[in-house]
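The values are calculated or read from the model by the stated rules, or taken from the named source; none is laboratory data. Just so you know, these numbers come straight off a predicted model, no measurement behind them. Don't worry about glycine lacking a Cβ; one is built from the backbone with ideal geometry, like all the others, and counts go over all protein chains shown.
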Amino acid sequence: MAAAQRRTFLTLDGLRAVGAFLVVMRHVPYLFGPISVPESFLAVDLFYLVSGFVVANAYRERLAAGGFAWSFVKTRLIRLYPLYACGLILGIVAAILSIVTDPAGWWTPTKLLTAIVTGLFMIPFFPGLPANGSSLDGPTWTLAPELAANFAYAVFIRSLSVPVLCAIIAVSGAGVVLAVVHFGTLDVGFGPTHLWAALARVGFSFFAGVLIYRGFGQAYQRHLLFSWALIGILTLILAWNPADSFKPIYELAVVLLGFPALLILAGRFEPGPISGRLFSFTGLISYGIYIIHQPVGNLVHFALGRDFDPPDDLSSLGYGAAFLGLLILIAWRLDRDVDAPIRKALRGRFLSDK
């Protein structure tokens, strides 16, 4: 059992990396010319799904044994907060530059102060406030729902039998369907007026990941072709642009059926050693890329100048490639020189079980 708990899932690392890169293209579109990834926001549901799977793999037995829930809460915060803080700092720098260069623009000192205070507590949005933590770094809105699901799993794990998990997934899945019916899309959850949609998305995907781990998380085999095929399938899913009338059905099918099937296969088939190292590295930096890309993109836009307007054709892809290379470099250095040592120090300070 111990060996199974320590298993790494390299194909899942590759899927997370692809999702992160496509989200970058969504949020910094001016650097990628005519290439668009209209359904890339669904990567959030994939991240939640994978989170449930890997959390169950890493912590299920310790949590079920009792006495580990508070340590688990601290472990998850230590895992997420250092890079989150890096994204927050970059967002603050970008906001200050905006205030200085465009005093009549959206950012004001009051909004910045409010965003900093809420951001320090990982509050992505709060009704009535002029700015929030996610105003400084948009993608961070997804962290609070994920942490809520993580903590609920830790507290109630002894009650999470298969029937209970199925009930949670069914109720949350109904919420996902309702969100699509109400909003016409699943590109929701990032604001205070549709918090319930965020909870439905994370409730379905996170606990579906937990259930899939219980049923399919142990056996695996190496299959290079299948691993890369799954990477390609995910890319097509997130990059495809279905007809407007078909998008709601498409998004529901992907989240409720497609991603769970993809997770089952990705947990089953692992790449060879060379591809495995690539997947491992990109998976390692995927969280950093996801967290820092929007504020870094804003800073790059400042550096290039307000009048910068790359051509809207394939010749502009060099800008996008250079930006992705910059993000990879920054995320790698942050992981090596900031995140890893800070997390090590925090674990030594706050966790007795290192």
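Has region 20-42 got any residue that is in a helix (DSSP H, G or I), at pLDDT 95 or above, touching a Gly at 6+ places or on another chain (Cβ under 6 Å) and closer than 21 Å to Ile168 by Cβ?
no
Could you check Gly67 against (1) outside any helix (DSSP H, G or I); (2) closer than 24 Å to His194 by Cα and say which number it fails?
(2)
Residue by residue through region 71-102, note down the ones that are in contact with an Asp or Glu (Cβ under 9 Å, 6 or more places away or on another chain) and within 11 Å of Ile291 (Cβ to Cβ).
Leu80, Pro82, Leu83, Tyr84, Cys86, Gly87, Leu88, Leu90, Gly91
If you take the residues of region 25-46 that are in contact (Cβ under 8 Å) with a residue 40 or more places away in the chain and among the charged types (D, E, K, R), which of them is surrounded by the most Cβ atoms within 10 Å (Cβ to Cβ)?
Per the criteria, the residue is Asp45.
Would you check if there is a residue in region 226-244 being among the acidic types (Asp, Glu) and surrounded by 15 or more Cβ atoms within 10 Å (Cβ to Cβ)?
Looking for residues that are among the acidic types (Asp, Glu) and surrounded by 15 or more Cβ atoms within 10 Å (Cβ to Cβ), one finds none in region 226-244, hence no.
Could you say which residue among Leu63, Leu22, Leu49, Leu80 is surrounded by 23 or more Cβ atoms within 10 Å (Cβ to Cβ) and not charged (D, E, K, R)?
Testing whether each residue is surrounded by 23 or more Cβ atoms within 10 Å (Cβ to Cβ) and not charged (D, E, K, R) leaves just Leu49.
Can you confirm whether Ile96 is touching a residue at least 12 places away in the same chain (Cβ under 8 Å), part of a helix (DSSP H, G or I), surrounded by 15 or more Cβ atoms within 10 Å (Cβ to Cβ) and β-branched (Val, Ile, Thr)?
no
Which condition from (1) touching a residue at least 40 places away in the same chain (Cβ under 8 Å); (2) among the polar types (S, T, N, Q); (3) farther than 30 Å from Leu88 by Cα is the one that Ser245 breaks?
The number of the failed condition is (1).
Please state which one of Thr110, Thr75 is part of a helix (DSSP H, G or I), crowded, with 17+ Cβ neighbours inside 10 Å and β-branched (Val, Ile, Thr).
Just one listed residue meets the conditions, Thr75.
Among what's in region 248-275 and is closer than 24 Å to Val177 by Cα, in contact (Cβ under 8 Å) with a residue 24 or more places away in the chain and not hydrophobic (A, V, I, L, M, F, W, C), pick the residue that is surrounded by the most Cβ atoms within 10 Å (Cβ to Cβ).
Glu251
Here are some residues: Leu334, Leu329, Leu324, Leu317. Which one is in a helix (DSSP H, G or I), in contact with a Phe, Trp or Tyr (Cβ under 8 Å, 6 or more places away or on another chain) and under 20 Å from Arg16 (Cβ atoms)?
Sole residue among the options that is in a helix (DSSP H, G or I), in contact with a Phe, Trp or Tyr (Cβ under 8 Å, 6 or more places away or on another chain) and under 20 Å from Arg16 (Cβ atoms): Leu324.
Yes or no: Ser51 farther than 18 Å from Leu236 by Cα and at pLDDT 95 or above?
Yes: the conditions hold for Ser51.
Considering only residues that are buried (at least 20 other Cβ atoms within 10 Å of the Cβ), out of contact with any Pro (no Cβ under 9 Å at 6 or more places or on another chain) and of a type in the set (Phe, Trp, Tyr), which ones fall in region 188-220?
Scanning region 188-220 gives Phe204, Phe207, Tyr213.
Among what's in region 267-313 and is in a helix (DSSP H, G or I) and more than 23 Å from the chain's Cα centre (by Cα), pick the residue that is nearest to Ile96 (Cα to Cα).
Per the stated criteria, the residue is Phe302.
All but one of (1) touching a residue at least 60 places away in the same chain (Cβ under 8 Å); (2) surrounded by fewer than 16 Cβ atoms within 10 Å (Cβ to Cβ); (3) of a type in the set (D, E, K, R) hold for Arg343, so report the exception by its number.
The number of the failed condition is (2).
Out of curiosity, is Ser51 among the small types (Gly, Ala, Ser), touching a residue at least 60 places away in the same chain (Cβ under 8 Å) and in contact with a helix residue (DSSP H, G or I) (Cβ under 9 Å, 6 or more places away or on another chain)?
yes
Please go through (1) of a type outside the set (S, T, N, Q); (2) within 12 Å of Gly87 (Cα to Cα); (3) in contact with a Phe, Trp or Tyr (Cβ under 9 Å, 6 or more places away or on another chain) for Ile292 and return the number of the only condition it doesn't satisfy.
In the conditions (1) of a type outside the set (S, T, N, Q); (2) within 12 Å of Gly87 (Cα to Cα); (3) in contact with a Phe, Trp or Tyr (Cβ under 9 Å, 6 or more places away or on another chain), Ile292 misses (3) alone.
Just to verify a result, which residue in region 194-251, among those that are β-branched (Val, Ile, Thr) and within 21 Å of the chain's Cα centre (by Cα), is nearest to Pro271 (Cα to Cα)?
Ranking the qualifying residues of region 194-251, first place goes to Ile231.
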